[in-house]
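See below for the structure under consideration.
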Amino acid sequence: MRRTSRQLIAAVTVLAAAMLAGCACGGPSVDVIDTQTDTFSFPIDSARSAVIELDLGIGELTIEDGSTALCSGEAQYNIAEWKPVVEHSVANGEALVRVTQPSLGHRTIGKKARSHWTLEVSDDVPTHLVIDMGVGESRVNLGAAMIEQLDIDAGVGEVVIDAAHVRHDLTIDIDSGVGSITIHVPDDVGVHVDCDRGIGSFNYTGLTKTGGAYVNAAYGETESLITIRIDSGVGEISIITGTMTASI
């Protein structure tokens, strides 16, 4: 039964990715060019908090901590129309950074198309990070970044989050259509998980089911709390207690 479920998940993932990526729409194809690299960086200046919004229709996304700026990033792409649109503003002490991948409409995207964004976030500025991902992989290493709210809307693809080193209040909201979700959490900070899933397994270590939720031994015993809410259509979900053995 488990093998059949995984085969179904794999089949649905491939089909959904093809449809969302436009590979099966039959429209005019886009041209692939030499890989381009765009960089951006915004200073903290007067910002006391920040909202960072990333809208990536197709590609791969990597988030890291440790930026000495408010945030700094790099976008690599080989389709000219995928040159990201970057916006930045500050009002009343709150910075807003928005990075958007322009849509290609119904044009056909070949297998050689590539888009990879990397973003480093400040460890000092309380941040609300919003990721809108169509098709692709999102890998978020929170580390010491002062991300207090992480929202991920993923259409098709893998989501990996390393929150094992987080020591402050954090809320993670994930809405995933098709694909796997893996989250690493600490064992010495309270963790509370709510999961609404369709097809696919739910695996966890270091947690206990209490009512309709899952909590760790530190839940209710620490000042800080990590709250995780997951709404998944199809795919495997894993909540793992402890640090990752390898870089994500």
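Coordinate-derived values only; no laboratory data. These numbers come from a predicted model, not from an experiment. As a convention, Cβ positions derive from the backbone with ideal geometry for all residues, glycine included, and neighbour counts pool all protein chains shown.
Things to note:
- Cβ-based net charge around Arg167, under 10 Å, with every Lys or Arg adding one and every Asp or Glu removing one: -3
- Shape of the chain, Cα gyration tensor, a/c cut at 1.5: oblate
- Anchor Lys112: aspartates and glutamates whose Cα lies under 18 Å away (excluding residues fewer than 8 positions away in-chain): Asp31, Asp34, Glu60, Glu81, Glu137
- Modelled label positions at His106 and Ile199, each set 7 Å beyond Cα in the direction of Cβ, lie 2.7 nm from each other.
- Expected 222 nm ellipticity per residue - DSSP helices of 4 or more, -39500 (n - 2.57), all of the chain, to 500: -3000 deg cm²/dmol
- Rel. contact order, % - alpha carbon contacts under 8 angstrom, at least six apart, the chain: 19
- Taking Cβ atoms as reference points and 11 Å as the exclusive limit, the residues near Gly212 contribute a net charge of -1, counting Lys and Arg as +1 and Asp and Glu as -1.
- FRET E, pair Ser224, Phe40, Förster distance 22 Å, beta-carbon r, rounded to 0.05: 0.10
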